[in-house]
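Readers should treat all values here as calculations from the given coordinates under stated rules, not as data from a laboratory. Predicted model, so just to flag it, every value in this text is computed and none were measured. Because the Cβ atoms are built from the backbone with ideal geometry, glycine has one as well, and the counts that use them run over all protein chains shown.
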2 protein chains.
Amino acid sequence: MAEQPLRLSVEPARVRVDLEPVGRRAQVPAGSTVLAAAHSVGVELASTCGGRGTCGCCRIRIVDGAVTPLTENERQRLTAAELDAGERLACQTVLAADARIEIPSSSLTTTQRLQLEGHEIEVALDPAVVRVEVELAPPTIHDLRADATRLLDELEPDHPTIGLPVLAELSPRLRELLWSAAVAVHRPANEIVAVQPAGTLPLGLAVDVGTTKLAAYVVDLETGETLARGGVLNPQIATGEDVLSRIASANTDPGEHRSLQQAVVEAVTHLAENLCDEIGACLEELVDVVVVGNTAMHHLFAGLPVRQLGEAPYVAATSAALDIPATDVGLFVATGARLYSPPLIAGYVGADHVAMLLASGVAETDATVLALDIGTNTEISLACGGRLWSCSTASGPAFEGAHISNGMRAAPGAIERVHFRDGRFLVQTVGDRPPVGLCGSGILDAVAEGVRAGIIDPRGALSKSHPLVVPHNGRPACLLVPAADAGHHRDIFLTRSDVGEIQLAKGAIHAGIEVLLAAAGIDVGELEEVVVAGAFGTYLDVRSAIRIGLLPELPEEHVRQVGNAAGAGARQLLLSRERRARAVELARSANYLELTTHPEFADHFVAGMGF
Amino acid sequence: MAEQPLRLSVEPARVRVDLEPVGRRAQVPAGSTVLAAAHSVGVELASTCGGRGTCGCCRIRIVDGAVTPLTENERQRLTAAELDAGERLACQTVLAADARIEIPSSSLTTTQRLQLEGHEIEVALDPAVVRVEVELAPPTIHDLRADATRLLDELEPDHPTIGLPVLAELSPRLRELLWSAAVAVHRPANEIVAVQPAGTLPLGLAVDVGTTKLAAYVVDLETGETLARGGVLNPQIATGEDVLSRIASANTDPGEHRSLQQAVVEAVTHLAENLCDEIGACLEELVDVVVVGNTAMHHLFAGLPVRQLGEAPYVAATSAALDIPATDVGLFVATGARLYSPPLIAGYVGADHVAMLLASGVAETDATVLALDIGTNTEISLACGGRLWSCSTASGPAFEGAHISNGMRAAPGAIERVHFRDGRFLVQTVGDRPPVGLCGSGILDAVAEGVRAGIIDPRGALSKSHPLVVPHNGRPACLLVPAADAGHHRDIFLTRSDVGEIQLAKGAIHAGIEVLLAAAGIDVGELEEVVVAGAFGTYLDVRSAIRIGLLPELPEEHVRQVGNAAGAGARQLLLSRERRARAVELARSANYLELTTHPEFADHFVAGMGF
């Protein structure tokens, strides 16, 4: 407090920043970066590298205003033409005075699609938390039982316990409710988690904490019905788009670790609040919570340390199911509500993969099924003869549009389908907007069609003799959409290095699949089904994926795209104690294969890179 | 923050207050009461009424300085002579400028004796928390178990759980300790509560939360040895000295309830820290905590509601044993340490009485034993034929020196023994200081000796014909110590109303005992032992107590004074799981008798008032 006047006297002047075309205005201290200014008002400029100037995602254009000169990073990332057009990287550009900034939609993440639907298998209703209606006789001089005893006696023979938070509210609550209440009992813990007005339905919250997005569902625990669903971006994205940037950021200091945790918990709380609003409920009615996520997201959500996840040999703090008071992570729902998260299979085969296996039926199939979650890390499981093998492979961010010359997320204007016909590429974009860049499914199609058209050879090189292969920045590149067609100021290309990124990804996934097949002692032809989960998995074109060798060669109809199966699995875990037991059993019995030390991984990897 | 300059500009001038003879100086805003000024520097002026000007405890004298005029409350509480001497009530006197204040020791509570020792029965060492030394193999690429799994596998076959707080520290902790640690395991909860450097001894903290004082003990859980002990005043005393004032204060608003809770938890933390310092340990080494207290103190310590304890029919929020994370009450010891508190028998027969019954052996005696905790409420239990009957009776604050004309706490100068010989009273004081007033045991003696000397008749009236009975404020009073003898500015008297307070107390206790005897179907002559616990119980003269009928007529040697048996019981609960089970059994099987509605209580009460 004593330092307040001093701090005020040295506080820098504030500058005004107009962000176009989104039409937001930010007021920030002079000396802030454009990236910080955009994030300060919720404009989600992409930043894969966490603001270090190395990913080139946060391109913007200075329309007007005084900013710091170009940095060396910008000179390396931007072409002469881009520099001439006034383009900069938002994280490298520091505001000295008021400014007007143009943000191309390819630099934004906010408008991307958030996938919520997922394939669901039916589960028998047997939720962890159930409601018991009680009507108590008030205490009298002849019946002096303590309030808690009075309530618990009514709940014989299970005689559950009551934690301190619920106990601390119990006496006034029972009196306010005139001794008539709906009691929510957590059956595995045999604990009273909420005392609510008679007739209150027990609601559950299922959350899928993705690296990019958060999906949440409010579920009626008595009917199993999903009453509301919604998604928002994971706010941790401000410190970097991938798992490793988050871990690096959390490791800088304990305060940063805490603020990453708080950011995601607050976002989930806010999302849950909105979903409750939609159905006329309130957060206090959420009497159970299930959270799934990859191991890093799971650890950061729970406030667990992640340093050991980011350093060899990359181990989790815990791989067991979490069953903790929701308030322990700062999530304020019903007073005593617990938070459940299923167990993990390994550091990089997380609770979200377990949830996906549950929801897609792979957890108990008798068939021979391969299940994949394709992302920067691709988790793959193989079910065969009642056993399960799992692995994780580093497939890189190409399918998220990163490390690709004209890559972008699945935002409006992203090319999501590419078809080669009559000597030219035809494209379809998200929202049917003028094409801006390529998202994951578009890149996959572009490569597959390029191979089919003979533009890309079996080693991944571009055929210089093809008319669509033209010089670009001194190297040959395949012109997908000329600037004239795009109604855009630049051409959209696929470069040799873009093809290389896809080759690395498919090589890694192919090698993972081969190692699993070998462990199970079966041939690829014996696969009866391939299950593909997650956002990219939902939107990819199965034919393209098979054609380039990303997925095994199977009849197209044997591939099942299950959408956000992790979120569906989280809902099942709310509704069924049997599913929780199954998750534990599955994680315990899965055979995890570590690819980095596997003797045949490298050979399979190289073999899988060609077309 | 924005309001800071405004607040500064209207902040009142500060005044300097010299407190004599303690020699403390306080700086407080003009407009503060003398009571607030004294409390601000830790000078513990007594205040039974919580500063409402009604108890008359906080008498002070203005030596010098400008204060507000006398209030109506002061005119009612202070005699003309006292007013002439410049006496005031500190809570009614507002400081307008610098002042010098004299505080008589009778108005102080800080120097009173804090009883820590207690009679102990031996228990077989079987603590709830035990240490397990582990040496783990670090993770390698060939052994990728999660950190928690690695630790738990070492603790087979019990395979305990780990709560989130311990889990959140586990990974860095194990690495910092080079994979070699002393793990503290809470056996009833089968949970890891701390991971400490190899060789760390497990320590426990036992706390007796009294209405007046807090006693704490640090115990070596492996040897059972008490390594450090200490006591401080319960800081809640600032809002009133008795349980009902605390309840009233907690009921004013939730913030006040919270601050009462925080005050006592902080005082316990500070005390525990000092005890740890003494033995070169730190708070983090305290891996288990046991807290006992009467029901109001227990509820306020745990943050449980107390409104229903203060309103008919006076029921507890919970009567079950508490077994909760210590952090739930804001007590920061070892990260995952739990806090145990034994069950209660009834709203006014609390966990401290249960602990006393355990420590004194009454809990399992085959003999016929009466056990009393004498205080403002006196809890009485009768063990007979393996059964137990309990009751609570409102004996009033006379034995704490309150409601007695010249009463005070057992501070230096308090008369603790009175003997009548050769026509005059001989007195012994705490610390052999000049007599200031009467503490509980002194009052008891004075009445007993007054009865023996024929100064007090069987109905409690003072014999006006006795030379030591003189007029005082217009009524006859028994002169115990003339001002000349005392080296003090006023005479020390025993008044008719003082005798009446003792009659009420002994009537209430007598009635409680009679009701218990009748319930058990035995005669007073069948009692084999009387156990008297607590501070007053320790210091009282047994002959006096029997003579005036406070205790039943038994041979003196059948009365056992067990000191702070509640504290001893708390230590036993740290050291023995069997004691915890016994406490639950005892509270469950005790037959509680409600006196307020008992048909014979009033008759026994009246019969018990005479001498």
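Using equal-weight Cα scatterers in the Debye expression, the normalised intensity of the protein assembly as shown in log10 at q = 0.05, 0.08, 0.10 Å⁻¹ is -0.48, -0.97, -1.28. Along the axis of the charge dipole computed for the protein assembly as shown (Cβ charges of +1 for Lys and Arg, -1 for Asp and Glu, origin at the Cα centre), the listed residues B:Gly56, B:Val530, A:Gly385 are led at the positive end by B:Gly56. Label zone of B:Leu125 (point 7 Å out along Cα→Cβ, amide N under 16 Å): in region B:158-193 this covers B:185. Across peptide A:155-164, the average count of Cβ atoms from other chains found within 10 Å of a residue's Cβ is 2. At R0 = 60 Å, how high is the FRET efficiency between A:Arg258 and A:Asp153 if r is their beta carbon distance? Nearest 0.05 is fine. E between A:Arg258 and A:Asp153, to the nearest 0.05, is 0.90. Sorted shortest first, the distances from the A:Glu225 label point to those of the same residue in the other copies are 6.8 nm; each point sits 7 Å from Cα along Cα-to-Cβ.
Amide H contacts under 5 Å for B:Ala97: B:Ala66, restricted to partners 5 or more places along the chain or on a different chain, H placed in the peptide plane at 1.01 Å from N. Taking amide H positions as modeled 1.01 Å from N, with prolines and chain starts lacking one, the residues under 5 Å from B:Ala228 and 5 or more places away or on another chain are B:Val218.
With point charges of +1 on the Cβ of Lys and Arg and -1 on the Cβ of Asp and Glu, referenced to the Cα centre of region B:129-197, which listed residue (B:Val185, B:Leu136, B:Leu152) lies farthest in the positive direction of the dipole? Positive-most Cα among the choices belongs to B:Val185. Taking the protein assembly as shown as the region of interest, the number of lysine pairs whose Cα atoms are within less than 26 Å, with members eight or more places apart or on different chains, is 4. Computed over region A:398-502, the quotient of the alpha carbon radius of gyration and 2.2 N^0.38 Å is 0.95. Where q = 0.16 Å⁻¹, what log10 of I(q)/I(0) comes from the Debye formula for region B:541-608, counting one point per Cα? Normalising to I(0) and taking log10 leaves -0.92. Pairs of Cα atoms nearer than 8 Å and 6+ residues apart set the relative contact order; for chain B it is 13 percent. Could you calculate the FRET efficiency of B:Ser589 with A:Glu528 from 1/(1 + (r/R0)^6), where r is the beta carbon distance between them and R0 is 56 Å, rounded to 0.05? That gives a FRET efficiency of 0.30. Using only Cα atoms, find the angle between the long axis of helix A:496-520 and the longest principal axis of chain A, and express it within 0 to 90 degrees, rounded to the nearest 10. The answer is roughly 50 degrees.
Rounded, prolate or oblate for region B:172-264? Axes are the square roots of the Cα gyration tensor eigenvalues, ordered a ≥ b ≥ c, and the cut-off for rounded is a/c under 1.5. In terms of gyration-tensor shape, prolate.
Relative contact order of region A:219-263, taken over Cα pairs closer than 8 Å and 6 or more residues apart, is 23 percent.
Roughly how tilted is helix A:164-176, in degrees to the nearest 10 and between 0 and 90, from the longest Cα axis of chain A? That helix lies at roughly 60 degrees to the long axis. 7 Å along Cα→Cβ for the label point: how many nanometres lie between B:Asp158 and each equivalent label in the other copies, listed shortest first? Here B:Asp158 shows inter-copy label distances of 2.8 nm. Note on A:Ala483 and B:Glu311: with the Förster distance fixed at 60 Å, the Cβ-Cβ geometry gives a FRET efficiency of about 0.15. Checking the a/c ratio against 1.5 first, then a/b against b/c, what shape does the Cα gyration tensor give for region B:486-611? Note, shape of region B:486-611 comes out oblate.
With a cut-off of 8 Å between alpha carbons and a minimum separation of six or more residues, what is the relative contact order of region A:452-611 in percent? List each step's numbers first, then the result.
Values: 163 pairs, mean separation 40.3, N = 160.
This gives 25 percent for region A:452-611.
Rounded to the nearest 10 degrees, the angle from helix B:243-252 to the longest Cα principal axis of chain B is 70 degrees.
Can you give the longest run of chain A that contains no GluC sites (Glu not before Pro) sitting in a DSSP loop with at most 15 other Cβ atoms inside 10 Å?
Value returned for the longest uninterrupted segment is A:312-527.
Debye calculation, C-alpha points only, no solvent: report log10 I(q)/I(0) for region A:129-197 at q = 0.12, 0.18 Å⁻¹, in the same order as the q values. Those come out to -0.26, -0.61, one per q.
Oblate is the label for chain B, because the ratio a/c of its alpha-carbon gyration tensor axes (a ≥ b ≥ c) is 1.5 or higher and a/b is not greater than b/c. Sorted shortest first, the distances from the B:Glu122 label point to those of the same residue in the other copies are 6.8 nm; each point sits 7 Å from Cα along Cα-to-Cβ. Within chain B, the longest segment free of exposed loop sites, counting trypsin sites (Lys or Arg not before Pro) that fall outside DSSP classes H, G, I, E and B and have at most 15 other Cβ atoms within 10 Å, spans B:53-458. With a 10 Å cut-off around each Cβ of A:313-325, the average count of Cβ atoms from other chains is 6. With a 10 Å cut-off around each Cβ of B:168-181, the average count of Cβ atoms from other chains is 3.
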